[in-house]
Structures are given as structure tokens and as C-alpha cells.
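One structure, pasted below without further comment.
The values are calculated or read from the model by the stated rules, or taken from the named source; none is laboratory data. Keep in mind it's a predicted model, so treat the numbers as computed, not measured. No Cβ is skipped: glycine too gets one built from the backbone with ideal geometry, and neighbour counts run over all protein chains shown.
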Ligand code: SF4
């Protein structure tokens, strides 16, 4: 599946058919996501200074969800789907440590147990996913599904012919307005001609064509950051959907990146206004089914935590973003 240039939609709404995989990006974003509540005082909210694709997506999906994640920093339980996504991403990244000829499906699958051990060490909370699985049957099925996702990748790309320039690349750029954009790119390929391809793995299924724009928002965000950092427009954006075996590509043009930049500024302003007013509207959709915060959401009879006031503006160099954050 491919989408090619010329999209004109001004409003891009990331749409997911299942919960977003908590990739390494999410973990790193969580580490750097410092909102007023932790950076300064527990009773103070800080207007956002930066955005990532995940947090921008949160705000577009539901402003109240953004608040719960960024300002209240309410805990969320690990999910099997998101954790499997993290595991598969780790395997695909580590496979490139091997010489090209050894990047085979059996080699990739052999990395799964070790990466699962590592994940349990670095994120002990994932252990609880299988706490009620004493005979290990559910864990075995889960690991089997991770194997199938890894195997499917070999039907979509040939890692023996790839030599990534970067893997799990953290990028950050400050726009002229002061807005800081950050994110983590799964893979960057650079052709001998210098053309750049940005690749992102998804362990879910490809969206229906009418939702492709939303899926590409994250990739255009990355392209914008690369353009601002290197003054180079990536030649191709590529989403690899391991869940359905699809590849979605898009070749951005300057107008795409300018459009995304305008959109992010509008989002940033909306987030700042909500931070100052405390008016974080719930926006119920079918994605509420994946939301961990129904108990605090008025749409489901819940009550949000007390809002941390007063609000202060971010200081220069404040790493707080209204941080953003997933994949
Ligand atoms: S349950 Fe739905 S409306 Fe409520 S915070 Fe979550 S995503 Fe928003």
C-alpha cells in the first residue's frame, strides 16, 4: 500500500486500530517528559515547551487524555500488545548488530528470549502481565505472536540488503517560535546519493486508506524535525505494518512539512491555553476502550484529580514539554 504526494488535509488525526505499541520511543519520552508536576512543584502546572508525535496525537485524540498523561502523570498498566511491540522493536534493532548475511529470520527469532529478559529487567512492571499465568501458556502464545511478527518482517524487507545509518535515533529540534519537537525514529536509511528514508515499524495492522493521513502524521513530524536539523527533506517516509504485512510509503514535499509545522504550532497554542485555563475537554471516541483512565473521566462517571494550579510559563531551556509522547 502506498500513499504518494499531494495530500491536502489540514487536520491529521492519528487513528489506531489497537493501542499504540509502547516502543522505546515511549519509554524515552516518559523519561524526558517533565511537566510542572514533577519538574517544579507538585501543585504547579507548566505550559508546554515541547511536543512529540505521541503527545501531539494524545491531544488530538482527547485533550483530557493528554492532561492525564502529561500533567497528572497518572500511571498506566502495561498491555500485552504494547509490550509485544516494544519487544519486537528491540529484536529488529538488535538484528542489525549481526553481519548482513546473518540477518535471517531464525537469527531474529533467536533474539526474542534475550530481549524479553532484558525488557523484564529494565521495565519490571511488565512482569505483572503474566503474573496470573503460572503454567506459562499465555506467555508462550504471546511470545509465539512476537515470533510471527518478526517473521513477517522478512516478507516486507530484506535486512541482508539494508545498512541503516541510524537505529532508534533520538531527534530534537527547536523551531523559530521556540517550540521544541522531539521523537525517536526506528530506522534511518541513507542512499549513496544522500537520499534519506525514515522507517517506522508498527506491530499493529495498517489503517484503512481513509485513515492513512492520520498514520502518516508521525512520519511527517519526524520529517519536519530532520528538515529543521539537517536542512534536508527526507525522500521517503515508510511505515512497516507487521500485523497485516503492509508497507505504507509517502514521499513528502516542502509544503507537507510547512503544513505540519503550522498544525503543530496550532496544537501547541491549544495545549498552552488548556494548561492555563484548566479546561481539558474529554473527547469520547471508540478509542476510549483502550484508555486506562476511564475511572477519572467524566464521560465514564469519573472525576479527574484536582488540577495543579497555579500555572507558570516554562523557563528558558525548561525541558518540560507539555511533553509528549508513543511510536
Ligand atoms: S476515556 Fe475517552 S474521553 Fe475519557 S479521557 Fe480517556 S480517551 Fe478521553
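For segment 266-294, name all the residues that are within 9 Å of the ligand (Cβ to nearest atom) and part of a helix (DSSP H, G or I).
Across segment 266-294, the qualifying residues are 287, 288, 289, 290, 294.
Against the conditions (1) assigned by TED's automatic domain parsing to the domain that holds residue 105; (2) outside any loop (DSSP other than H, G, I, E, B); (3) surrounded by fewer than 21 Cβ atoms within 10 Å (Cβ to Cβ), where does residue 172 fall short? Just the number, please.
The single condition residue 172 does not satisfy is (1).
When you scan segment 53-65, do you find a residue that is surrounded by 24 or more Cβ atoms within 10 Å (Cβ to Cβ), modelled with pLDDT of 95 or more and more than 16 Å from the ligand (Cβ to nearest atom), even just one?
Yes, that holds for at least one residue.
Do the conditions hold for residue 254, that is, is it surrounded by fewer than 21 Cβ atoms within 10 Å (Cβ to Cβ), more than 21 Å from the chain's Cα centre (by Cα), away from the ligand (no atom under 16 Å from the Cβ) and modelled with pLDDT of 95 or more? Show your work before the answer.
Values: surrounded by fewer than 21 Cβ atoms within 10 Å (Cβ to Cβ): yes; more than 21 Å from the chain's Cα centre (by Cα): yes; away from the ligand (no atom under 16 Å from the Cβ): yes; modelled with pLDDT of 95 or more: yes.
Taking the combined requirement at face value, the residue satisfies it.
Output the residues belonging to segment 295-304 that are surrounded by 13 or more Cβ atoms within 10 Å (Cβ to Cβ) and either more than 9 Å from the ligand (Cβ to nearest atom) or not in a loop (DSSP other than H, G, I, E, B) (or both). Step through it out loud before you land on a result.
In the first step, residues of segment 295-304 are kept if they are surrounded by 13 or more Cβ atoms within 10 Å (Cβ to Cβ); the result is 296-297, 299-300, 304.
Selection gives 296, 299, 300.
I need the full set of residues from segment 228-251 which are in a helix (DSSP H, G or I) and either touching a strand residue (DSSP E or B) at 6+ places or on another chain (Cβ under 6 Å) or buried (at least 21 other Cβ atoms within 10 Å of the Cβ) (or both), in order please. Steps first, answer last, please.
First, the residues of segment 228-251 that are in a helix (DSSP H, G or I): 228-230.
Once the filter is applied, which keeps residues that are in a helix (DSSP H, G or I) and either touching a strand residue (DSSP E or B) at 6+ places or on another chain (Cβ under 6 Å) or buried (at least 21 other Cβ atoms within 10 Å of the Cβ) (or both), segment 228-251 yields 228, 229.
Could you list, in sequence order, all residues of segment 66-83 that are out of contact with any strand residue (DSSP E or B) (no Cβ under 8 Å at 6 or more places or on another chain), closer than 18 Å to residue 54 by Cα and not in a loop (DSSP other than H, G, I, E, B)? Step through it out loud before you land on a result.
To start, the set of residues in segment 66-83 that are out of contact with any strand residue (DSSP E or B) (no Cβ under 8 Å at 6 or more places or on another chain) comprises 66-70, 72-83.
Remaining after also requiring closer than 18 Å to residue 54 by Cα: 66-70, 72-79, 81-83.
Residues satisfying the conditions are 66, 67, 68, 69, 70, 81, 82, 83.
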